[in-house]
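Computed from the coordinates by the stated procedures, all read-outs in this text should not be read as laboratory data. All values reported here derive from a predicted model rather than from experimental measurement. Glycine also receives a Cβ, built like all others from the backbone with ideal geometry; neighbour counts cover every protein chain displayed.
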Amino acid sequence: MADIRIEPMSPDHIEGFHLVLDTVARERKYLSLLEARPLEETRQFALSSIASGNVNLVALNGGEVIGWCDIRRHFFPSHAHRGSLGMGLLPGFRGQGLGRRLIEAAISAAREAGMIRIEFGVHADNARAIRLYETVGFVKEGVSRDAFHVDGDYKDVINMALILR
Ligand SMILES: CC(C)(COP(=O)(O)OP(=O)(O)OC[C@H]1O[C@@H](n2cnc3c(N)ncnc32)[C@H](O)[C@@H]1OP(=O)(O)O)[C@@H](O)C(=O)NCCC(=O)NCCS
């Protein structure tokens, strides 16, 4: 894993990012999305996120995108100190400490960008993700019961946040 680089997302990475996002979404276990939006829509979304100064990182194996972590600032001025985090790795790259490298880099970039609070919801059965988030300082703030519903299965969503102040 040492030869995997973590870099800010550039326009050249967007097609690879779209593929990874689509792969993780189609697992139907981890993300609210069940498939990525079409490539051109994802491209516009990513370009606008990059231009807005959000945190958009990719993990690269050679030139290939194998993971991402983004932290998108909230819109309303009274919420603009908050950022929502999303991340994922291709299945073959999980469980080897790469998620930790990605999220640590993203937290550090969010701090530099002046964000104060990072937050997200994680499915209650996603033990590996929850463990990772807790080891870098996120705490559980509450539970949205039965908030995820796919294939007849309801899952609780745990709301987690990290305060950088
Ligand atoms: C969540 C994800 C990004 C984490 O990245 P990762 O590289 O797999 O995680 P890491 O290897 O860096 O760390 C995982 C931690 O969980 C632990 N872990 C692994 N499997 C576990 C399990 N089943 N239960 C509890 N802890 C577990 C590891 O030991 C490690 O903890 P440690 O550093 O104290 O040893 C990655 O697994 C992924 O892409 N999952 C699918 C998409 C997803 O869940 N996205 C997040 C949605 S909120």
- Item | Prolate/oblate/rounded label for region 1-59 (Cα gyration tensor, a/c 1.5) | oblate
- Query: In the chain, what percentage of the DSSP-assigned beta bridges are antiparallel, given to the nearest 5?
  - Reply: 90
- Query: Based on the alpha-carbon gyration tensor of the chain and its eigenvalue square roots a ≥ b ≥ c, which shape applies: rounded if a/c is under 1.5, prolate if not and a/b is larger than b/c, or oblate?
  - Reply: rounded
- Between H149 and F76, how many nm apart are label points set 7 Å from Cα along the C-beta direction? 2.6
- Task: Kyte-Doolittle cut-off -0.5, length cut-off 20 Å along the helix's own axis using Cα: show which whole DSSP H helices in the chain pass.
- Result: 98-112
